[in-house]
Amino acid sequence: MKKDIRSFSEEQLCDFFIKSGHKSFRGQQVYEWLWKKSAYSFNDMTNLSKDLRLMLEANFVINHIEVDKFQQSSDGTIKNAVKLFDDFTVESVLIPTDDRTTACVSSQVGCSLDCNFCATSKLRRMRNLNPDEIYDQVVTINNQSLKYFNRSLSNIVFMGMGEPLMNYNNLIRSIEKISSDKGLNMSQKRIVVSTSGIPKMIKKLADENLKVNLALSLHSAIEETRNKIMPFSTKFSLEDIKESLLYWYSKTKRKTTFEYIVWKGINDTIDDVNALVSYCISVPSKVNLIEYNSIGDENFKSASQNNINLYKDILEKNKITVTIRRSRGKDIDAACGQLANK
Ligand code: SAH
């Protein structure tokens with residue numbers, strides 16, 4: 001089996017060239033083709049001799065993603081089903097607003113978590129995405145942003161399929177590539193890593209010295225309720241999550257954004273609001289109330305506008321920053337929680 005050349009660091013490539021009797025700088029050239037220029041074929045590497053290109057071809061492959069299906073919503077949102085080298089499919093979404101273009105990227109094929117309200121949880125986790133597969137989604141969406149909206153990608157959210165903190169090393173390597181001047185050169189401040197809350201990994205991320213932002217899918221600050229709708233969370237208590245978020249803040253000085261859906265009969269009472277308020281007071285944070293996108297489960301129905309406004313009012317009274325996020329791309333199943341390779 002030939003090796004995926006993009007699993008090599010620049011140093012390893014330089015080493016490879018030296019060991020095979022060539023100049024070390026060839027490694028830098030190839031690295032630039034692979035990342036900065038996103039070359040998908042050795043033949044494109046025009047500053048290498050034909051012989052060198054053939055030698056690389058004989059030793060390596062360049063695995064790359066392919067947009068298998070392209071859908072555009074009436075609101076401009078684009079959903080890509082992207083095919084990986086081994087025929088698995090994940091989805092990535094481009095979300096345009098007046099002043100920004102956001103890429104929502106996947107980190108795993110399927111998901112091993114079991115959030116009852118999320119369509120992706122119905123797909124078994126098949127494997128982690130490699131750093132280049134995450135990177136390629138971003139490059140693809142950047143190109144689409146230039147083509148359809150005449151501007152570069154401005155933001156990246158790890159809110160597609162999968163749990164990014166369960167594919168930790170590849171997540172970090174993809175972020176490094178996205179933000180490196182040898183890659184896409186995008187600011188880490190424009191990246192949001194969203195997690196369902198794995199305390200040990202949140203602390204690890206805090207120690208990385210990256211500039212990325214953290215979002216946590218909270219959905220309830222009452223342990224019993226949260227465990228019911230996100231059963232895996234019985235392993236991670238709200239107290240442990242809180243402790244990890246305090247650590248995150250002490251290291252990064254950045255607030256965590258709590259993602260929160262309000263459902264009828266699940267978390268729409270005053271007790272639920274009060275629990276969220278106390279949780280927010282104990283952790284430097286803000287709240288993003290996100291619209292529920294139905295996945296056809298009778299148990300989950302969006303709360304009334306009144307009850308959602310109640311959340312907003314009480315949070316604001318307690319000086320907690322709260323935004324209400326409208327969903328986009330619903331008509332093509334591209335909105336939060338709807339990614340299920342449909
Ligand atoms: N596993 C990570 C990354 C996925 S992000 C995480 O849980 O954060 C996907 C976001 O969409 C999460 O905040 C998730 O809670 C939310 N979501 C899932 N299903 C949804 C649905 N049906 N409607 C709206 N948001 C949903």
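Residue-by-condition table, conditions (1) closer than 18 Å to T257 by Cα; (2) more than 13 Å from the ligand (Cβ to nearest atom); (3) modelled with pLDDT under 95:
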| position | (1), (2), (3) |
| --- | --- |
| N293 | no, no, yes |
| G296 | no, no, yes |
| Q305 | no, yes, yes |
| E316 | yes, yes, no |
| I324 | yes, no, yes |
| A334 | no, no, yes |
| G337 | yes, no, yes |
| A340 | no, no, yes |
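Check off (1) touching a helix residue (DSSP H, G or I) at 6+ places or on another chain (Cβ under 9 Å); (2) farther than 26 Å from I266 by Cα; (3) more than 10 Å from the ligand (Cβ to nearest atom) for D114 and give me the number that stays unchecked. Only one criterion in (1) touching a helix residue (DSSP H, G or I) at 6+ places or on another chain (Cβ under 9 Å); (2) farther than 26 Å from I266 by Cα; (3) more than 10 Å from the ligand (Cβ to nearest atom) is unmet by D114, namely (2).
Give the residue, chosen from A221, A206, that is touching a Lys or Arg at 6+ places or on another chain (Cβ under 6 Å), aliphatic (A, V, I, L, M) and farther than 18 Å from C104 by Cβ.
A206
Of all residues in segment 190-213, those satisfying the criterion of being crowded, with 18+ Cβ neighbours inside 10 Å, more than 10 Å from the ligand (Cβ to nearest atom) and either in a strand (DSSP E or B) or at positive phi (or both) are I191, N213.
Pairing residues of segment 73-87 that are more than 17 Å from G337 (Cβ to Cβ) with residues that are among the small types (G, A, S) and part of a strand (DSSP E or B), at Cβ distances under 7 Å and at least 6 apart in sequence or on separate chains, gives N80/S92; V82/S92.
Residue-wise test of (1) touching a helix residue (DSSP H, G or I) at 6+ places or on another chain (Cβ under 8 Å); (2) under 27 Å from K122 (Cα atoms); (3) in a loop (DSSP other than H, G, I, E, B).
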residue: N288; (1), (2), (3): no, yes, no
residue: N293; (1), (2), (3): yes, yes, yes
residue: N309; (1), (2), (3): no, no, no
residue: D313; (1), (2), (3): no, no, no
residue: E316; (1), (2), (3): no, no, no
residue: D331; (1), (2), (3): no, yes, no
residue: A334; (1), (2), (3): no, yes, yes
residue: Q338; (1), (2), (3): yes, yes, yes
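Flag set for L94, criterion: among the aliphatic types (A, V, I, L, M), within 17 Å of V67 (Cα to Cα) and either more than 11 Å from the ligand (Cβ to nearest atom) or in contact with a Gly (Cβ under 8 Å, 6 or more places away or on another chain) (or both). Here R325 meets the list (1) surrounded by fewer than 18 Cβ atoms within 10 Å (Cβ to Cβ); (2) closer than 30 Å to N80 by Cα; (3) in contact with a Ser or Thr (Cβ under 9 Å, 6 or more places away or on another chain) almost entirely, failing just condition (3). So, of the residues in segment 214-242 that are assigned to a loop (DSSP other than H, G, I, E, B) and small (G, A, S), which turns out to be surrounded by the fewest Cβ atoms within 10 Å (Cβ to Cβ)? Among those residues, the one meeting the criterion is S237. Out of all the residues in segment 146-161, is one or more surrounded by 20 or more Cβ atoms within 10 Å (Cβ to Cβ) and assigned to a helix (DSSP H, G or I)? No: zero hits. Among the residues of segment 83-94, is there at least one that is of a type outside the set (V, I, T), within 21 Å of S194 (Cβ to Cβ), buried (at least 20 other Cβ atoms within 10 Å of the Cβ) and in contact with a helix residue (DSSP H, G or I) (Cβ under 8 Å, 6 or more places away or on another chain)? Yes, because at least one residue in segment 83-94 is of a type outside the set (V, I, T), within 21 Å of S194 (Cβ to Cβ), buried (at least 20 other Cβ atoms within 10 Å of the Cβ) and in contact with a helix residue (DSSP H, G or I) (Cβ under 8 Å, 6 or more places away or on another chain).
Being closer than 27 Å to L123 by Cβ and surrounded by fewer than 18 Cβ atoms within 10 Å (Cβ to Cβ), is that true of even one residue in segment 7-28? Step through it out loud before you land on a result.
First pass over segment 7-28, keeping only residues closer than 27 Å to L123 by Cβ: 7.
Keeping just the survivors that are surrounded by fewer than 18 Cβ atoms within 10 Å (Cβ to Cβ) gives 7.
The answer is yes, given that some residue of segment 7-28 is closer than 27 Å to L123 by Cβ and surrounded by fewer than 18 Cβ atoms within 10 Å (Cβ to Cβ).
One residue is enough: does segment 270-283 have a residue meeting the conditions in a loop (DSSP other than H, G, I, E, B), surrounded by fewer than 16 Cβ atoms within 10 Å (Cβ to Cβ) and among the hydroxyl-bearing types (S, T, Y)? No, that holds for no residue. Does segment 118-139 contain at least one residue that is within 10 Å of the ligand (Cβ to nearest atom), outside any helix (DSSP H, G or I) and within 27 Å of N299 (Cβ to Cβ)? Yes, because at least one residue in segment 118-139 is within 10 Å of the ligand (Cβ to nearest atom), outside any helix (DSSP H, G or I) and within 27 Å of N299 (Cβ to Cβ).
The values are calculated or read from the model by the stated rules, or taken from the named source; none is laboratory data. Here the structure is a predicted model, which is why all the values come from computation and not from measurement. In this analysis, Cβ positions are derived from the backbone assuming ideal geometry, glycine residues included, and neighbour counts consider all displayed protein chains.
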